[in-house]
Amino acid sequence: MSDRERSIAFLGPFGTYCHEAALIFADALNIDDPELIECTSFDDVFDCVDRGRCLYGVVGKENSLEGPVTATLDNFAFRSSAIILAETVVDIHHCLLTAPDSDPLRIRTVASHPQGLAQCRRYLNEKLPGRETLITSSTAESARLAAQDPEIAGIANAFAGDLYGCKVEAMDIEDHLGNQTAFALIGRAGTTIELSPHAQARYKTTLALFMKMDKAGTLHMILSEFAYAGINLTMIQSRPLKQALGDYMFFVEFTGHDSDIDVQTALACLRLKLREVKVLGSYPVISTEKDSAQSQD
C-alpha cells in the first residue's frame, strides 16, 4: 500500500476527536500505519482531498448538542466535489487533565476550546470556582499545555491526555451525558472503500437538494416524495445559497442506499421537480467495538 493510499487528512492537532475518528476509519479500512496529515480547518481537509494530496479526509458532520457542522455542509454544497465514503460516531467525553506532577490545589487556569469550556461549566463552577480560563484552538491543544505547566488544567478527551502524557484528574466532566459527534470519511468522486471483516456497518445516504425557484409548498413536496416511497429521513437542514437573502437549499439524510428501489423512485421524482439533486454519498456507518457490544446486550 502506497503512502497516498494510507493518507488521511484530519482537523489537528493530534489528539482531537477528529484524530480519534481518523484512527477508527483507518482500522475499519485495514490501514495498519495510516499517513495522518494535520489540517487547521475543515476547509483545509476538503482541499487536501480535492487537490489529491491525500486519498481520504475526515470532517465533522453533526454534533448531538450543536447540530450540523455548517463548514462541512457548505463545502459539500458550494466548494468541493468530494463525496462521503463512510461515517462513524465518536462519544464526546471530556476529562480534566493536568501535568503528571501537578496537584488540583495548584491549578490556577483551566484551558480548552470554547465548546469544551461551555460543555463543562457545571463541573468547573462546583470543583474549580474562580479559576481563570484560557481559550485554545482545540481541546487537544489544552492537553498539550496542561502537560507542560502544573498550574494549568486542560479539558480534553482521555485519548489526548494519553498522547501528551497528562494525568487524568477527573473523567466524564461534561454537563450533558450522551454528547456525540458524527464524522465523515470523504474522498474524491469514484473513490471506493473495502471494509475490514470486523467492521460493523449499516448504510445511509446524504443528498443536497437545489430548488428551481422559491415557491410555496416546495419543502412539502420534497418531504412528500420521501413519505410516498416509505423513506424515513434522519436529518433535514436548510442552508443559504449565498446569493440573495431568502434563497435556500436543503440537505437531507436517510437510512438506506441509493441503489434501493424505493430510494431510486424518490430520487427520480425529485429530479423531475428540482433544479439539482446531488448525491453526496451512499455510505456505511461504521460502529466501534463498544457500539457493537452495546447493541448485542
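The values are calculated or read from the model by the stated rules, or taken from the named source; none is laboratory data. Here the structure is a predicted model, which means the values were calculated and not measured. FYI the Cβ positions are ideal-geometry reconstructions off the backbone, even for glycines, and counts take in every protein chain you see. For the accessible areas, the whole protein counts, side chains as well, though only heavy atoms, and no ligand, DNA or RNA atoms are used. Shrake-Rupley method; radii C 1.70, N 1.55, O 1.52, S 1.80 Å.
Values computed for the structure shown
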quantity	calculated
30 Å Cα-Cα reach of K167 towards lysines, excluding residues that sit fewer than 8 places from it in its own chain	K127, K290
Estimated dipole of the range 140-215 in Debye, rounded to 20 [Cβ of Lys and Arg +1, of Asp and Glu -1, Cα centre]	760 debye
Cα-centre dipole for the chain with unit charges at Cβ (Lys and Arg positive, Asp and Glu negative), debye to 20	1080 debye
Per residue, in Å², the accessible surface of the chain once ligands and nucleic acids are set aside, probe 1.4 Å	49 Å²
Lys/Arg +1, Asp/Glu -1 at C-beta; the chain dipole; positive extreme among F251, F159, V90	F251
Contact order normalised by residue count of the range 1-123, Cα under 8 Å, 6+ apart, percent	24 percent
Within a Gaussian network of the chain (alpha carbon springs, distance under 10 Å), most fluctuating of G187, G165, G12	G165
Of all DSSP beta bridges in the chain, antiparallel share, percent nearest 5	75 percent
Total charge dipole magnitude, the range 83-163, about the Cα centre, Cβ charges on Lys, Arg, Asp, Glu only, Debye to nearest 20	280 debye
The chain: relative contact order as a whole-number percent, Cα under 8 Å and 6+ apart	22 percent
Anchor K278: lysines whose Cα lies under 27 Å away (excluding residues fewer than 8 positions away in-chain)	K61, K204, K212, K215, K242
Percent accessible area from carbon and sulfur atoms, the chain, protein chains only, probe 1.4 Å	49 percent
Most fluctuating residue given options L185, L85, L274, as computed from a GNM of the chain linking Cα atoms under 10 Å	L274
11 Å cut-off, amide nitrogen to a point 7 angstrom out along A189 Cα→Cβ, residues in the range 83-97	83
Rounded if a/c under 1.5, otherwise prolate or oblate - the range 27-99, Cα gyration tensor axes	oblate
Sequence of K127, K278 when ordered by accessible area, the most exposed leading, probe 1.4 angstrom	K127, K278
Solvent-accessible area of I261 with every protein chain in place, 1.4 Å probe, in Å² to the nearest 10	120 Å²
GNM result for the chain, Cα springs below 10 Å: residue of K167, K204, K212 fluctuating most strongly	K212
Among [x] 51, 43, 33; [y] 56, 38, 34; [z] 66, 47, 43, the entry that matches Cα extents along the principal axes in Å as calculated here	[z]
